[in-house]
Amino acid sequence: MSSKVPTREEAYNLLTEYNKSDSLIKHALAVEGVMRYIARKLGEDEEKWGVIGLIHDLDYEKFPEQHCRKTEEILKENDWPEEYIRAVISHGWGICIDVEPKTKLEKTLYAIDELTGLVVTNALVRPSKSVLDMKAKSVKKKFKDKRFAAGVDRSVIEKGAKMLGVELTDLITDTIMGMREVADQIGLKGTVG
């Protein structure tokens with residue numbers, strides 16, 4: 001099988017072909033930003049991590065009942081490498097698919113996917129409406145309040161941090177730092193800067 005490495009442009013075009021929702025596209029950009037930041041920090045392939053982060057919820061808008069399964073199908077049709085496909089669908093482990101995250105990339109995507117949602121919600125209730133002046137401490141405080149961003153599955157975030165062998169505070173900090181890099185694109189620059 002001669003799969004070629006997908007470019008960021010190809011991933012973005014595919015994402016926007018299947019997703020029209022502004023919030024889903026911003027979520028994809030947030031996850032991409034965090035994946036790129038963490039990849040750089042760990043000396044990993046930033047482009048690969050970013051592309052996988054960007055495309056991870058490809059099927060979510062059109063096929064929510066087949067989440068991850070439909071993405072696998074679409075990416076295979078588009079001749080994506082098996083390694084990329086596996087990484088993308090592993091973020092749904094225990095939720096909608098039984099592909100367990102094994103690599104550092106897969107575990108990172110699994111851990112930060114839900115966490116970006118918590119950070120976004122936290123940013124939106126701040127006076128600045130920004131991630132640029134946010135600290136992990138404020139997210140951790142909201143993390144404990146189960147009514148805040150009730151749709152965010154905190155057990156997935158905790159399980160992901162444990163799989164990575166990192167402290168929750170460090171994972172939150174990395175997530176904030178990655179989202180700061182794309183704050184403008186995801187609408188979380190707010191009144192700061």
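Each value in this text was obtained by applying a stated rule to the coordinates, not by laboratory testing. Because the structure is a prediction, the values reported are computed rather than measured. We place every Cβ from the backbone using ideal geometry, glycine too, and count neighbours over all the protein chains shown.
Could you tally the net charge around Y84, taking each other residue with its Cβ under 12 Å from the Cβ of Y84, Lys/Arg +1 and Asp/Glu -1? Each step should come with its number before you reach the end.
Values: positive: K4, K48, K76, R86; negative: E10, D45, E47, E72, D79, E82, E83, E106.
Neighbourhood net charge equals -4.
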Computed over the chain: longest principal axis from alpha-carbon atoms vs helix 168-180 long axis, angle to nearest 10 degrees, is 80 degrees
Given points 7 Å out from each Cα along the Cα-Cβ axis, report the K144 to D22 separation in nanometres with one decimal. 3.5 nm
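How would segment 70-150 be classified by its alpha-carbon gyration tensor: rounded, prolate or oblate, with rounded meaning a/c under 1.5 and the a/b versus b/c comparison settling the rest?
Verdict is prolate for segment 70-150.
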Against the empirical 2.2 N^0.38 Å scaling, what ratio does the C-alpha Rg of segment 1-157 come to? 1.03
Over the chain, what is the relative contact order in whole percent, taking alpha-carbon pairs under 8 Å and six or more residues apart? 24 percent
Could you check the simple spin-label distance between K41 and S155, using points 7 Å along Cα→Cβ, in nm with one decimal? 2.6 nm
